[in-house]
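Working notes for the structure below.
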Amino acid sequence: MSKSNLEAKQLDLFKKPKLKKEHGGSHAIFRRRARRPLNLRQSHHITMKSHHAVGARSLFRHKKLILLLMKKHSAKFQVKVYEYAIQGNHIHMLVKAQNREGLQNFFRVIAGHIAQRILQECPLKEAPGGAPTKPTGCQKNQRKFWSYLLYSRIVSWGREFKIVARYIQRNTLELLQVIAYQPRGKTRPQSRGQPRKQPGNYA
């Protein structure tokens, strides 16, 4: 082996593994529970989705409640919410936290309280024969209301942050019919400005 090849191989041994940036969503289906990657120096794009959020349980119909819970718990856990979009069956947020425990608690508490309050007002109906409705989405991480484990993705400052912020703003403008809806499929905003097909997020 030449000296240059040997040096290259030695350098490879010291290279840091590529850091995982996203967690949850449909990525969690049939996968072993792993530690959620968080970076307190960066912001995080989070998404919560429910197949049960239709009709009276629509998240948009409960927007006032969700905003109150968001304001209360972001202050309690020292989480700054830069952008949010409350859709019919999913919620987007772009947030940053002061500490890891606060961010984890914010994720857990806001998801739990939104589900609890909506189901108190609009309980899930039983299927014919008295059996509970068949859960959809992630079976292992199935919650009573949310279809998937909360999706989170680390977002770098600068260009990527601006793209994600615009993406969330567009969701709201499309819902309010201020701008025309553009079908995206299962995509997420990319740092280069082009959406890539990806199974763990929601338009």
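Any read-out appearing in this document is the output of simple, stated calculations on the displayed coordinates, not a laboratory observation. Everything numeric here is computed off the predicted structure, so don't read it as measured data. Heads up, the Cβs are rebuilt from the backbone with ideal geometry, glycines too, and the neighbour counts pull from every protein chain shown.
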Taking a 19 Å limit on the Cα-Cα distance, which of the listed pairs 49/162; 21/96; 64/144; 80/162 fall beyond it?
49/162; 64/144
What does the highest-first list of 86-93, 111-118, 66-73 look like by mean Cβ count within 10 Å?
86-93, 111-118, 66-73
Simple label model, 7 Å out from Cα along Cβ direction - residue 169 to residue 122, nm
2.9 nm
Residue 82-residue 67 pseudo-label distance in nm [points 7 Å out on the Cα-to-Cβ vector]
2.2 nm
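What is the extension gain from residue 159 to residue 176, computed as 0.36 nm multiplied by their sequence separation minus the C-alpha to C-alpha distance, in nm to one decimal?
Details: separation 17, 0.36 × 17 = 6.12 nm, distance 2.60 nm.
Stretched fully, the residue 159-residue 176 segment lengthens by 3.5 nm.
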